């Protein structure tokens, strides 16, 4: 029973971290902590991520993709700069769009359009590094958006795409990024 509870707690924590949880749930007591799980349900366990540990590649204003329109990558197959006029927040990041229609499409299904790996360079995540991306260096595969730090990185990543995706997702789900391995 204890092992099953521990697995459940770890699963909930991993899901919260993957979704970018940065604050306690409403049911958390003010002094709860991860070191004292006894007596707390797994759902109300406090999860904290310091800003330096967030896995979102955003600018100082919290804007992801350097303001490029996440929907345009799919609908127009190119990088198009968005406008603060059309913006929304999702998962701790602010997204800009080039039109009201793209904003509406994103709001209808944000997980479809949000970049993988928090907008960091996919080719670098494959090597356990968090490196800034160039939103014009991108590719869409299997219905997901990936950005890289350069067009050369896109080519390198796609040269062995299946294996590189496996490595990148394996690394992304690990905790290596919490130990000062940011580039």
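Okay, here's what the table says:
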read-out: Wholly within region 69-183, helices (runs of 4 or more DSSP H) carrying at least 1 residues that are surrounded by fewer than 17 Cβ atoms within 10 Å (Cβ to Cβ) and within 15 Å of the chain's Cα centre (by Cα); value: 110-113, 161-173
read-out: Given (1) part of a loop (DSSP other than H, G, I, E, B); (2) modelled with pLDDT of 55 or more; (3) surrounded by fewer than 12 Cβ atoms within 10 Å (Cβ to Cβ), index of the condition residue 39 fails; value: (2)
read-out: Residue within region 42-54 that is outside the structural domain of residue 139 (by TED's automatic domain parsing), at pLDDT 50 or above and in contact with a strand residue (DSSP E or B) (Cβ under 7 Å, 6 or more places away or on another chain) present; value: no
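The values are calculated or read from the model by the stated rules, or taken from the named source; none is laboratory data. Everything numeric here is computed off the predicted structure, so don't read it as measured data. Positions of Cβ are generated from backbone atoms using ideal geometry, with glycine treated the same way; all protein chains shown enter the neighbour counts.
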